[in-house]
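**Student:** Sharing a structure below in structure tokens format, with a few things to ask.
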């Protein structure tokens, strides 16, 4: 039954029912958390064998002792692994420490002086909703952000192409091209092909920050497929416009994985030179651990999927059964990644989050998925179902759907 | 016999002898390297057990799962360990990744905007000879460097105090206060006490970058003693002027250790805030490995000393037997650290390094121990004896002393 088809009396009745349920939840003193895309302990357990896997053998084929200093680009074996994640030649891969975010931050720091020589105000395009930590990097560097909406095949390329053509101050764009955070979009072949040609319009120092964080994070045996941006951009002689990122944070250990950056030979050499004053080399011992452990990434990721698929399916089941046909919210049904993105029909996301928080269910703050924390429609709520156990997730979702309907009904009554 | 007391005929005779020996060395096709302060494989072996030490236990006392995201300051147990290294309250410690250099770079990046608001040209004092990578950080940020010489108790404090009083553009100083790189100085109590009061002259945003890289790296049972700068600075209400650094790079693995930063509560909070956009947290699994492994740091460091002490003693023996009483070079006799610093009496360091290199003995480039790579006296040569085996070290030192005398004699002949 669509909420907006109810008459005032029906709305009041429903509000009373929901308010009573809300009071009951309050009495239960919950403490549940759906805020961050963290792997569950059972997922982390899958990689426990990584500590100790070296068994005293620290030498590489080429004689390098991974325990000692040196080598900013990473060990050849780990660059090979990075090539698999990023779908590029291992010679174009830098293997970093435990954080791809740190590589992104450093890459922006590296480019910023070049951009600032060309424009007073450096701007970045931000497909929204997106990843709050991308936006935080821009804020840290005073880079102005411009929202770009999603359409079916990914970010709205018509808008993007026209924006970069008209505004030479736009120097980059953040993308999570596969199982996008939080919407779950995997960019269509046409979208990727248009990204490959974007530098032709945007200029040689424009950078597509292609954060392929969920490259191997499929939920189903028939995964989404992402076209090869680097290959297409190279064909179009735009390889310098592309910088790729990935990590094993949600493959092995979230806090102790290894990160990958992929870039053209020219870009990689320039970035390596930028890093020289700040680091002698990243942790090669941990790189070697990962190489030894991740001999079959796909098989390992299936074990992850088996753990988190039921959680995503529970989200879908709960949202459907409580909200379908009420006309008050839409949500994503991703084939991979770490999030479900929900949009309320009315501008009530902040109110829903506050109401849930008041009864002990923490949700990502409304607006967090937008630059400057401002959701212009006040409608997006990011659901991160991987970390909680099934029982906690079930309870938390009950509260979420209750709050959504309660706020929507109350609002309809006031109108 | 002092070289400068020889007559031309004696000099020519000696030159002929040395030149013949140099030709013989050339024929031997050596390939030896005394350039970098790297631990030897036998030292790295001491920590091999660190991989696997967790044995599947990844939870902390407080319930934290070190495998998952979060916590920029580091795990409490590792902050405790850092407190030991830095000789401060663990609450003032940040535990980073595998590089203290990266923390120094980031700390300078963090302060730079503040400094730049106060002066057109930010300047740093650099006790010389010093650590090339400190100077490289300044170069990367366009910070102007001013050389300060060493006296017996450390850097020349009279000069430092007068410089910071007269030039408000001076915003910091690099120090390796114990077994200084490369001179081996441990700063005297008086020097440390004067550093503790320096901010009174230099202003509130002045920072002493106290890189205590060799805090526990003693060669002998009677180690040097370093006064507690943070305690003294706190007494003088100058605790904000002090930032301490250390790492386990030369304790466990050079490329895969953990790094420590110590700072006042106010500084630490500001620096943590600066780091938020660029990293979710450092590698807590490796932090926990170090805590489990380093239960007795002093005992572990004695094992290191047993391996490298003979190398330092070989350097002293070789230099003494070949160069003593010739009046052509002086050198340090450190009680710890990783280097011997040699100064030629004449400005010939570049020529010596080139001559040694031509017969396969690599030395740190002349000038590398000075800002901008420029040794004004062209006299300092840094000897890094830890990495080579005893036989290689012996050979390399033979070549070094040969080259020093050959160049000195040739120069004396031309005069």
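The values are calculated or read from the model by the stated rules, or taken from the named source; none is laboratory data. Just so it is clear, the model here is predicted, and its values are computed rather than measured. Virtual Cβ from ideal backbone geometry, glycine too; neighbours counted across all protein chains shown.
**Student:** Looking at the stretch B:25-71 only, could you name the residues that are within 30 Å of residue A:38 (Cα to Cα) and away from chain A (no Cβ under 11 Å)?
**Tutor:** Initially, the stretch B:25-71 is screened for residues within 30 Å of residue A:38 (Cα to Cα), giving B:49-71.
If the condition is that a residue be within 30 Å of residue A:38 (Cα to Cα) and away from chain A (no Cβ under 11 Å), then B:60, B:61, B:62, B:63 are the ones that fit.
**Student:** Quickly run through the stretch A:23-69 and pick out the residues that are over 28 Å from residue A:356 (Cα atoms), in contact (Cβ under 8 Å) with a residue 40 or more places away in the chain and part of a loop (DSSP other than H, G, I, E, B).
**Tutor:** Once the filter is applied, which keeps residues that are over 28 Å from residue A:356 (Cα atoms), in contact (Cβ under 8 Å) with a residue 40 or more places away in the chain and part of a loop (DSSP other than H, G, I, E, B), the stretch A:23-69 yields A:46, A:47, A:51, A:53, A:54, A:58, A:60, A:64, A:66, A:67, A:69.
**Student:** Another one. In the stretch B:102-133, how many are at the interface with chain A (Cβ under 10 Å from one of its Cβ atoms) and in contact with a strand residue (DSSP E or B) (Cβ under 8 Å, 6 or more places away or on another chain)? Even if it seems obvious, please write down each step before you answer.
**Tutor:** As a first pass, look at the stretch B:102-133 and keep what is at the interface with chain A (Cβ under 10 Å from one of its Cβ atoms): B:102-106, B:108-109, B:133.
With the extra rule that they be in contact with a strand residue (DSSP E or B) (Cβ under 8 Å, 6 or more places away or on another chain), the set shrinks to B:102-104, B:108.
Residues flagged as at the interface with chain A (Cβ under 10 Å from one of its Cβ atoms) and in contact with a strand residue (DSSP E or B) (Cβ under 8 Å, 6 or more places away or on another chain) within the stretch B:102-133 amount to 4.
**Student:** Suppose the filter is more than 14 Å from chain A (Cβ to nearest Cβ), under 25 Å from residue A:70 (Cα atoms) and modelled with pLDDT under 95; does residue B:6 pass it?
**Tutor:** Criteria not met by residue B:6.
**Student:** Which one of A:272, A:239, A:235 is surrounded by fewer than 24 Cβ atoms within 10 Å (Cβ to Cβ), modelled with pLDDT of 95 or more and within 14 Å of chain B (Cβ to nearest Cβ)?
**Tutor:** Step by step, each of A:272, A:239, A:235 is checked, and only A:272 is surrounded by fewer than 24 Cβ atoms within 10 Å (Cβ to Cβ), modelled with pLDDT of 95 or more and within 14 Å of chain B (Cβ to nearest Cβ).
**Student:** Where residues in the stretch B:282-308 are out of contact with any strand residue (DSSP E or B) (no Cβ under 9 Å at 6 or more places or on another chain) and outside any helix (DSSP H, G or I), which of them is farthest from the other protein chains (Cβ to nearest Cβ)?
**Tutor:** Filtering the stretch B:282-308 for residues that are out of contact with any strand residue (DSSP E or B) (no Cβ under 9 Å at 6 or more places or on another chain) and outside any helix (DSSP H, G or I), the one farthest from the other protein chains (Cβ to nearest Cβ) comes out as B:296.
**Student:** Filter the stretch A:1-16 down to residues that are under 37 Å from the mean Cα position of the chain (by Cα) and either surrounded by fewer than 13 Cβ atoms within 10 Å (Cβ to Cβ) or more than 17 Å from residue A:398 (Cβ to Cβ) (or both), then give me how many there are. First the steps, then the outcome.
**Tutor:** Our first condition is that a residue be under 37 Å from the mean Cα position of the chain (by Cα); within the stretch A:1-16, this holds for A:1-5, A:14-15.
Checking which are either surrounded by fewer than 13 Cβ atoms within 10 Å (Cβ to Cβ) or more than 17 Å from residue A:398 (Cβ to Cβ) (or both) leaves us with A:1-5, A:15.
Summing the residues that are under 37 Å from the mean Cα position of the chain (by Cα) and either surrounded by fewer than 13 Cβ atoms within 10 Å (Cβ to Cβ) or more than 17 Å from residue A:398 (Cβ to Cβ) (or both) in the stretch A:1-16 gives 6.
**Student:** Which residue, of B:353, B:279, is closer than 30 Å to residue A:139 by Cα and either at pLDDT 95 or above or within 14 Å of another protein chain (Cβ to nearest Cβ) (or both)? Break it down stepwise before answering.
**Tutor:** Numbers: B:353 fails: closer than 30 Å to residue A:139 by Cα.
Checking each option against the conditions leaves just B:279.
**Student:** Where in the stretch B:309-415 are the strands (runs of 3 or more DSSP E), entirely inside, with at least 1 residues that are assigned by TED's automatic domain parsing to the domain that holds residue B:23 and free of Cβ contacts under 8 Å to residues at least 24 places away in the same chain?
**Tutor:** Ranges flagged: B:329-331.
**Student:** Can you find, within the stretch B:136-162, the residue that is nearest to the other protein chains (Cβ to nearest Cβ) among those that are surrounded by 14 or more Cβ atoms within 10 Å (Cβ to Cβ) and closer than 16 Å to residue B:196 by Cα?
**Tutor:** Top of the filtered list is B:155.
**Student:** Exactly one of these conditions fails for residue A:80: (1) in contact with a helix residue (DSSP H, G or I) (Cβ under 6 Å, 6 or more places away or on another chain); (2) more than 11 Å from chain B (Cβ to nearest Cβ); (3) crowded, with 21+ Cβ neighbours inside 10 Å. Give me its number.
**Tutor:** Here residue A:80 clears every test but (3).
**Student:** Just one of the numbered conditions (1) farther than 22 Å from residue B:229 by Cα; (2) more than 9 Å from every other protein chain (Cβ to nearest Cβ); (3) assigned to a loop (DSSP other than H, G, I, E, B); (4) in contact with a strand residue (DSSP E or B) (Cβ under 7 Å, 6 or more places away or on another chain) is not true of residue B:97; which one?
**Tutor:** Only one criterion in (1) farther than 22 Å from residue B:229 by Cα; (2) more than 9 Å from every other protein chain (Cβ to nearest Cβ); (3) assigned to a loop (DSSP other than H, G, I, E, B); (4) in contact with a strand residue (DSSP E or B) (Cβ under 7 Å, 6 or more places away or on another chain) is unmet by residue B:97, namely (2).
**Student:** Can you find even one residue in the stretch B:255-266 that is out of contact with any helix residue (DSSP H, G or I) (no Cβ under 7 Å at 6 or more places or on another chain) and surrounded by fewer than 19 Cβ atoms within 10 Å (Cβ to Cβ)?
**Tutor:** no
**Student:** Grab the helices (runs of 4 or more DSSP H) fully contained in the stretch B:126-224, keeping just those with 2 or more residues being at pLDDT below 95 and either within 17 Å of residue B:244 (Cα to Cα) or touching a helix residue (DSSP H, G or I) at 6+ places or on another chain (Cβ under 8 Å) (or both). Write out each step before concluding.
**Tutor:** On the way: elements: B:132-140, B:157-166, B:189-196, B:198-202.
Counting at least 2 such residues, we get B:198-202.
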